[in-house]
Amino acid sequence: MPEVRRSFCRFCHANCAMLITVDQGRVIRVQGDPDDPVFGGYTCIKGRQLAEAHHGPQRLTASQKRVDGRFEEIAMDAALDEIAAKLSAIVARYGPHAVAVYAGTYAFQNSAGVGSAMAFAQGLGTRNIYTSVTLDQPAKVYTTMRYGSWMGGTHTFSDADVAFFIGNNPIVSHYGPPGGLPPFSPSRRLRDALDGGLKLIVADPRQSDVAALAHIHLPVRPGEDPALLAGIIHVILAEGLYDQAFDHRYVDGFDELQRAVALFPPGVAASRAGVEEIQLVAAARMFANGTKGIVSTGTGPEMAGNGTLTQYLVSSLNIICGRFCREGEKSSIPRIFTPVIPRRAQVAPPMALYGEGFPASRIRGLTHLGMEMPCNVLADEMLTPGEGQVRALIVIGGNPLVAFPDQDKMVRALGGLDLLVSIDVNAESATAKRSDYILAPKMCLEREDISNLSEWWYEIPYARYTEAMIEAPEGLLEEWEMLWELAHRMKTGLPLAGAACPMGTRPSKEAFLDLMVAGCAVAPSKVRRDTEDGKAVIYADLHPVVEAGDPNAPGRFDLTAGAMPDQLIAYSSVAQPTPDFPWRMVSRRSRHRFNSTGQNLPALRAKRTTNPAFLHPDDLARIPCADGDMVRIRSAVGEIIAVARKAENMRPGVVSMAHAFGDPDIGPDGVHDHGASTNRLVSETVSYDPITGQSLQSAIPVSIVPA
């Protein structure tokens, strides 16, 4: 008899609440949970493929070992024995930095995935720990705290009367930073907010789903977000629309910011950004005249060059307009599984999360960002001889060959390793099929999990602890269990927030999670006990209220940190790209993929198999080509073949393609069935951010001709 159980999706970071129908140990249906107070029954097409993802023939259910160029099945314990022995030999000969760990998108979907990867690397003693965060948005995560942070939190979307999205299409991506549009039924949520009076501004080179709903759409020229933002700040300062009392009390560097944006009066800024001056001024006034609401970015602006400068100007705009929760108000994003910090009406002192004192890469003078190395040094760390050369890589739920810049370089780098291990459910991924071992993990409905990833978007104290819905195929382990087993065999440790993980007997996942998030508001084990019928637990009494600030607290925002006003001045005189590459390629998200995941699921492939190059009709005529024709797209470093698609919503002179497509083994004949990788147009050694290492993966100068 089929049974319906409650859980939540882990196809992406939104973690939508779900009803899972199970019959004879198999998932036969997934649907949204209409009784959930946050999601209200919402799911997306990707999440609704979980039954196929778990039980379809494309799923890897037995671990694999490469033998004489072919894969053979290997028992999990045997694979772990062999991998641990090889890793130990590499460490003994070359030292711990010779081993690297990359936690990709799907490592984040297991609530213990990234925490265990960090712990494994720390226990081993390697500096080479990487995550997908540094591929597309490192500046917003790791550079903005150097300007200071408001301890009470930014305004939430629910309380906003104005919102400003830059290069962010959360209706499709299900992503917006805290304070932006949460990924919970985002289309309905945005439309309801607009019906309630929200004013919406969107800056995007194309008329995206959210731009089509905006009161003001600014079709900014790709890569010129700093000019747009500097012009908006110029208007707000010139017209006295900023929060003068807040800035006087809490902000240093105001004069330096004003001096820098003086170079961007509305006419100049609008011309460089490629928007109408009247619209730029209207957007500045609309945002500043709101009482609550923030400006936020997606991944596109960070990938488009000048990511750190763009995020500085975003921070500056929110700061000068005082878009923060004040004393006596509920603090934003309360979080249950994150360490408890005071919520006060004051500025936490500026803090750098990179640079001096952080572990240094051997490559391009870059250092750790927080606890991780920037991804864009990994290929060179593998290829560059000498002490510290990476000789072994463990990839957890990731696909570096389609995610990282310069695909051909990554092919060479992976091919030169002594050991490549992939933990993946897809043996045909571009990276997995080049591995020495592919370890088959449990999938999300076969394991317990907590909602520690998605809680960065919850505006109420909402927590989930889900049980496993079905049994996993025999012999499979979770990612964290594999890392524990390797550490156990290698006699290293797994240091966690609460204490060192016990290494004698593998703990339960509940015990591991309790240690991993020790110091949080409610321990996972208690959330589990408090859970009834699989439902979310709302700890309303734990929603923090912003306390009075310490009158003696020294913290103030510093808008001069990193000499960012001077960086803006330098940007004002940067020469424009040459006419050899007259188009700009921008990145985009897909409803039917989550980065590289979903490309092997039949229902999602039925929607689209290739990676189209979307172009305005005027550009098709300019090339010239017709809708559906093949085109050759060249950059200064490479070229790809793509299928041209007419798109009326594109800005002329801009071509838009998704990232994370395209196996390097696929030639022009396979473009219709597999798509091409835009990372073949990118080098991480030029036009990279000197702090984050972020390469130019959007706003790429390209030429386009018929193929």
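The values are calculated or read from the model by the stated rules, or taken from the named source; none is laboratory data. This is a predicted model, so every value here is computed, not measured. No Cβ is skipped: glycine too gets one built from the backbone with ideal geometry, and neighbour counts run over all protein chains shown. For accessibility, only protein heavy atoms count, side chains too; no ligands or nucleic acids. Shrake-Rupley method; radii C 1.70, N 1.55, O 1.52, S 1.80 Å.
Some values worked out for this structure:
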{"quantity": "Total residues in the stretch 641-684, condition assigned to a loop (DSSP other than H, G, I, E, B), buried (at least 22 other Cβ atoms within 10 Å of the Cβ) and of a type in the set (Ser, Thr, Tyr)", "calculated": "1"}
{"quantity": "Among residues of the stretch 464-491, those that are in contact with a Ser or Thr (Cβ under 6 Å, 6 or more places away or on another chain) and open to solvent by less than 30 Å² (accessible area, probe 1.4 Å), counted", "calculated": "7"}
{"quantity": "Test result for Lys65, surrounded by 18 or more Cβ atoms within 10 Å (Cβ to Cβ), closer than 22 Å to Thr692 by Cα and among the basic types (Lys, Arg)", "calculated": "no"}
{"quantity": "Filtered residues of the stretch 110-123 (kept if crowded, with 24+ Cβ neighbours inside 10 Å, in a helix (DSSP H, G or I) and either of a type in the set (A, V, I, L, M) or at pLDDT below 95 (or both))", "calculated": "Val114, Ala117, Ala119, Ala121"}
{"quantity": "Test for Met503: is it more than 15 Å from Gly115 (Cα to Cα), modelled with pLDDT of 95 or more and not acidic (Asp, Glu)", "calculated": "yes"}
{"quantity": "Condition check for Arg335: in contact with a Leu (Cβ under 9 Å, 6 or more places away or on another chain) and either assigned to a helix (DSSP H, G or I) or in contact (Cβ under 8 Å) with a residue 24 or more places away in the chain (or both)", "calculated": "no"}
{"quantity": "Check on Leu568, over 30 Å from Tyr250 (Cα atoms) and buried (at least 16 other Cβ atoms within 10 Å of the Cβ)", "calculated": "no"}
{"quantity": "Failed criterion for Gln58 (all others in (1) in contact with an Asp or Glu (Cβ under 9 Å, 6 or more places away or on another chain); (2) under 21 Å from Ser422 (Cβ atoms); (3) at pLDDT 95 or above; (4) not in a helix (DSSP H, G or I) hold)", "calculated": "(3)"}
{"quantity": "Total residues in the stretch 177-189, condition surrounded by fewer than 24 Cβ atoms within 10 Å (Cβ to Cβ) and not charged (D, E, K, R)", "calculated": "6"}
{"quantity": "Scope the stretch 656-674; condition over 14 Å from Ala403 (Cβ atoms) and touching a residue at least 60 places away in the same chain (Cβ under 8 Å); matching residues", "calculated": "Ser656, Met657, Asp665, Val671, His672, Asp673, His674"}
{"quantity": "Test: residue in the stretch 160-183 that is farther than 28 Å from Gly305 by Cβ, polar (S, T, N, Q) and part of a helix (DSSP H, G or I)", "calculated": "no"}
{"quantity": "Considering residues of the stretch 127-167 that are farther than 22 Å from Ile333 by Cα and open to solvent by 10 Å² or more (accessible area, probe 1.4 Å) only, the residue modelled with the highest pLDDT", "calculated": "Arg127"}
{"quantity": "Flag for Ser687 being open to solvent by 10 Å² or more (accessible area, probe 1.4 Å), in contact with a helix residue (DSSP H, G or I) (Cβ under 9 Å, 6 or more places away or on another chain), assigned to a loop (DSSP other than H, G, I, E, B) and of a type outside the set (D, E, K, R)", "calculated": "no"}
{"quantity": "Pairs with Cβ under 9 Å, 6+ apart, first in the stretch 567-596 and on the phi > 0 side of the Ramachandran plot, second of a type in the set (Ser, Thr, Tyr)", "calculated": "Asn595/Thr105; Asn595/Tyr106; Asn595/Ser132"}
{"quantity": "Breaking point among (1) among the aliphatic types (A, V, I, L, M); (2) over 23 Å from Met482 (Cα atoms); (3) open to solvent by 30 Å² or more (accessible area, probe 1.4 Å), for Ala51", "calculated": "(3)"}
{"quantity": "Residues (polar (S, T, N, Q), in contact with a Ser or Thr (Cβ under 8 Å, 6 or more places away or on another chain) and either surrounded by fewer than 24 Cβ atoms within 10 Å (Cβ to Cβ) or in a helix (DSSP H, G or I) (or both)) located in the stretch 375-414", "calculated": "Asn376, Gln407"}
{"quantity": "Output for the stretch 9-29, where each listed residue is surrounded by fewer than 24 Cβ atoms within 10 Å (Cβ to Cβ) and not basic (Lys, Arg)", "calculated": "His13, Leu19, Thr21, Val22, Asp23, Gln24, Gly25, Val27, Ile28"}
{"quantity": "Candidate set from the stretch 8-66 (those that are touching a strand residue (DSSP E or B) at 6+ places or on another chain (Cβ under 8 Å) and of a type in the set (Lys, Arg)); member that is farthest from Asn426 (Cα to Cα)", "calculated": "Arg29"}
{"quantity": "Number of positions in the stretch 77-108 that are modelled with pLDDT of 95 or more, more than 21 Å from Cys501 (Cα to Cα), in a helix (DSSP H, G or I) and not aliphatic (A, V, I, L, M)", "calculated": "5"}
{"quantity": "Residue list for the stretch 524-547, restricted to those being of a type outside the set (D, E, K, R) and either in contact with a helix residue (DSSP H, G or I) (Cβ under 8 Å, 6 or more places away or on another chain) or modelled with pLDDT under 95 (or both)", "calculated": "Pro524, Ser525, Val537"}
{"quantity": "Some residue of the stretch 439-462 being at pLDDT 95 or above, of a type in the set (Lys, Arg) and in contact with a helix residue (DSSP H, G or I) (Cβ under 6 Å, 6 or more places away or on another chain)", "calculated": "no"}
{"quantity": "Helices (runs of 4 or more DSSP H) enclosed by the stretch 476-559 - at least 1 residues per element that are farther than 30 Å from Ser88 by Cβ and either free of Cβ contacts under 8 Å to residues at least 24 places away in the same chain or not acidic (Asp, Glu) (or both)", "calculated": "524-530"}
{"quantity": "Single unsatisfied condition, Phe557 versus (1) in contact with a Pro (Cβ under 8 Å, 6 or more places away or on another chain); (2) at pLDDT below 95; (3) crowded, with 22+ Cβ neighbours inside 10 Å", "calculated": "(2)"}
{"quantity": "Cβ-Cβ under 7 Å pairs, at least 6 apart or on other chains, the stretch 691-707 side farther than 11 Å from Arg634 by Cα and without any contact (Cβ under 8 Å) to a residue 60 or more places away in the chain, far side part of a loop (DSSP other than H, G, I, E, B) and open to solvent by 10 Å² or more (accessible area, probe 1.4 Å)", "calculated": "none"}
{"quantity": "Conditions (1) surrounded by 16 or more Cβ atoms within 10 Å (Cβ to Cβ); (2) farther than 17 Å from Val395 by Cα; number of the one not met by Gly95", "calculated": "(1)"}
{"quantity": "Any pair with Cβ under 6 angstrom, 6 or more apart, that starts in the stretch 1-30 at a residue that is of a type in the set (S, T, N, Q) and ends at one that is surrounded by fewer than 17 Cβ atoms within 10 Å (Cβ to Cβ) and in a strand (DSSP E or B)", "calculated": "Thr21/Val4; Thr21/Ile28; Thr21/Arg29"}
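Listed here are the residues, each with its yes/no results for (1) closer than 30 Å to Cys12 by Cα; (2) open to solvent by 70 Å² or more (accessible area, probe 1.4 Å); (3) modelled with pLDDT under 90; (4) part of a strand (DSSP E or B).
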{"position": "Leu604", "(1), (2), (3), (4)": "yes, no, yes, no"}
{"position": "Arg608", "(1), (2), (3), (4)": "yes, yes, yes, no"}
{"position": "Phe614", "(1), (2), (3), (4)": "yes, no, no, yes"}
{"position": "Asp619", "(1), (2), (3), (4)": "no, no, no, no"}
{"position": "Pro624", "(1), (2), (3), (4)": "no, yes, no, no"}
{"position": "Gly628", "(1), (2), (3), (4)": "no, no, no, no"}
{"position": "Ala636", "(1), (2), (3), (4)": "no, yes, no, no"}
